Structures are given as structure tokens and as C-alpha cells.
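Student: Submitted below is the structure of interest, expressed as C-alpha cells.
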Amino acid sequence: MSEHKPDNHFEVGVVVEKRRLKGPWATHAWLPVAILPAAPAAPPGTRLSGTDDEGTFYAGAYDVHLHPAETAHYRDNLVSGRPSLWVALRKRDDEDYTVAAVTADPYEGESMAEGIGEVVEAVPMPPDLQAKLLAFFEAHHIERTFEKRKRDRADPEALARQAGGARKGRRE
């Protein structure tokens, strides 16, 4: 009798919004706005609503990978009150963006936001994906207790010998 372990990845569809800007440096902004719990058969770039100039578009599919060492991070995400997936968009050309990354780890999502040139947003996680993330957490989480390490006390005599020995090679 074998025990079924949850998958360590799942595919999502990413929905982005193209907004018109009123500024001299850019005409449009692209923002991730939704996650689909399964990738549709539509090709990336398919308009879902609005016009070609402004509206929502299907950006494409992305495989979200889960790692057993990050289960505490996934727990933090699930109990946050607003479980999210962090989506990073990377500029492909002057008018187009592509999905660069999607993660369920809030700390990885925060670090992605520090990059230059990528648009990173936390997007609400659909309930189906929350259930998959919870199943992965329950199957792989091992509670680790934090143990504060104590420093060794410095030997003042060792420091004095080291400082004196460093002077030998110095010119005066």
C-alpha cells in the first residue's frame, strides 16, 4: 500500500492588465491581476476583455515549483489572511511583457520585487491552489526549533599577540 504524496509543482495561467498611462516616459503599464488554477488552451497574448490598447490579456502558463525546505514560508503565506502568488513580468520588447516567474514563497516574491526592469505583483491565490499548497505543506513540513548559538568568548591575550606580530613587517 503506497501513500500518495502531493505534486511538487502545478501549472497556472497568468492574466495581466494593460493600462494606459498619461506621462511622457511610457504609454502603457502591464500588471499581473489574476491567476487561473489551470492553464487554458488559449495562446499567450489572447485578449480577454477591453480593446487591443487597454484591457486584460492571457499572458501564458507557468509551472510553479514547490520545495520541501520552504514549507514554513508556504505556511506563512497560507495563514497571512490573503494567500497570494507572486508574479514577475519581464519586458520582452517596447510593447510586450512575458511571465518571468511565479512563486508561492512570499520571501522569494519580495526578493523578486527588488530587481530592476521587472514588474512584480502579489496576486490572490485561487482556493484550488491554496488546497494544493496546503497538501504539500502537510506532507513535507518538519518543524525546526530555532537554537540561538552562543559566541565563544574572545581571548584578550590572543588578540594582543596578533597585534604585536603584525608590526614586525612595518617600516618606521
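Student: So, in segment 139-172, of the ones that are assigned to a helix (DSSP H, G or I) and under 28 Å from the mean Cα position of the chain (by Cα), which residue ends up modelled with the highest pLDDT?
Tutor: 139
Student: Sticking with this one: Only one of 47, 90 is surrounded by 13 or more Cβ atoms within 10 Å (Cβ to Cβ) and without any contact (Cβ under 8 Å) to a residue 12 or more places away in the chain; which?
Tutor: Working: 90 fails: without any contact (Cβ under 8 Å) to a residue 12 or more places away in the chain.
Selected residue: 47, the only one of 47, 90 that is surrounded by 13 or more Cβ atoms within 10 Å (Cβ to Cβ) and without any contact (Cβ under 8 Å) to a residue 12 or more places away in the chain.
Student: Further question on the same structure: Among the residues of segment 41-84, which ones are part of a helix (DSSP H, G or I) and within 19 Å of residue 99 (Cα to Cα)? Steps first, answer last, please.
Tutor: Quick first cut of segment 41-84, residues part of a helix (DSSP H, G or I) only: 68-78.
Scanning segment 41-84 gives no hits.
Student: Tell me, please, whether a residue that is at negative phi, part of a loop (DSSP other than H, G, I, E, B), touching a residue at least 24 places away in the same chain (Cβ under 8 Å) and not basic (Lys, Arg) can be found in segment 18-30. Lay out the reasoning, then the answer.
Tutor: First, pick out the residues of segment 18-30 that are at negative phi: 18-30.
From what is left, the residues that are part of a loop (DSSP other than H, G, I, E, B) are 21-27.
Filter once more, so that each one left must be touching a residue at least 24 places away in the same chain (Cβ under 8 Å): none.
No, every residue in segment 18-30 fails to be at negative phi, part of a loop (DSSP other than H, G, I, E, B), touching a residue at least 24 places away in the same chain (Cβ under 8 Å) and not basic (Lys, Arg).
Student: OK, next. Kindly check whether there is at least one residue in segment 55-77 that is over 27 Å from residue 141 (Cβ atoms) and free of Cβ contacts under 8 Å to residues at least 40 places away in the same chain.
Tutor: As a first pass, look at segment 55-77 and keep what is over 27 Å from residue 141 (Cβ atoms): 55-61.
Adding the requirement that they be free of Cβ contacts under 8 Å to residues at least 40 places away in the same chain leaves 55.
There is at least one residue in segment 55-77 that is over 27 Å from residue 141 (Cβ atoms) and free of Cβ contacts under 8 Å to residues at least 40 places away in the same chain.
Student: Going residue by residue through segment 130-138, is there one that turns out to be modelled with pLDDT under 95 and over 25 Å from residue 14 (Cα atoms)?
Tutor: Within segment 130-138, one or more residues are modelled with pLDDT under 95 and over 25 Å from residue 14 (Cα atoms).
Student: So residue 134 passes all but one of these: (1) in a helix (DSSP H, G or I); (2) of a type outside the set (D, E, K, R); (3) loosely packed, with under 14 Cβ neighbours inside 10 Å; (4) over 15 Å from the mean Cα position of the chain (by Cα). Which condition number does it fail?
Tutor: All conditions pass for residue 134, except number (3).
Student: Please work out if residue 53 is surrounded by fewer than 16 Cβ atoms within 10 Å (Cβ to Cβ), touching a strand residue (DSSP E or B) at 6+ places or on another chain (Cβ under 6 Å) and among the acidic types (Asp, Glu). Even if it seems obvious, please write down each step before you answer.
Tutor: Numbers: surrounded by fewer than 16 Cβ atoms within 10 Å (Cβ to Cβ): yes; touching a strand residue (DSSP E or B) at 6+ places or on another chain (Cβ under 6 Å): no; among the acidic types (Asp, Glu): yes.
Against the criterion (surrounded by fewer than 16 Cβ atoms within 10 Å (Cβ to Cβ), touching a strand residue (DSSP E or B) at 6+ places or on another chain (Cβ under 6 Å) and among the acidic types (Asp, Glu)), residue 53 does not qualify.
Student: Somewhere in segment 69-79, is a residue touching a Leu at 6+ places or on another chain (Cβ under 7 Å), over 30 Å from residue 144 (Cα atoms) and surrounded by 14 or more Cβ atoms within 10 Å (Cβ to Cβ)?
Tutor: The initial filter retains those residues of segment 69-79 that are touching a Leu at 6+ places or on another chain (Cβ under 7 Å), namely 74, 78.
Applying the additional criterion that residues be over 30 Å from residue 144 (Cα atoms) yields none.
No, because not a single residue in segment 69-79 is touching a Leu at 6+ places or on another chain (Cβ under 7 Å), over 30 Å from residue 144 (Cα atoms) and surrounded by 14 or more Cβ atoms within 10 Å (Cβ to Cβ).
Student: Right, another one. Can you name every residue in segment 114-129 that is at pLDDT 80 or above and not acidic (Asp, Glu)? Before you say what the answer is, go through the steps one by one.
Tutor: So the first thing to find is which residues in segment 114-129 are at pLDDT 80 or above, and the list is 114, 118-129.
Correct list: 119, 120, 122, 123, 124, 125, 126, 127, 129.
Student: Among the residues of segment 111-130, write down those that are part of a helix (DSSP H, G or I) and out of contact with any strand residue (DSSP E or B) (no Cβ under 8 Å at 6 or more places or on another chain). Walk me through how you get there before you give the answer.
Tutor: Within segment 111-130, the first condition is being part of a helix (DSSP H, G or I), and the residues that meet it are 111-112, 127-130.
Hits for segment 111-130 are 111, 127, 128, 130.
The values are calculated or read from the model by the stated rules, or taken from the named source; none is laboratory data. Fair warning: this is a prediction, and the values are worked out from it, not measured in the lab. Cβ sites come from the backbone with ideal geometry, for glycine too, and all protein chains shown count toward neighbours.
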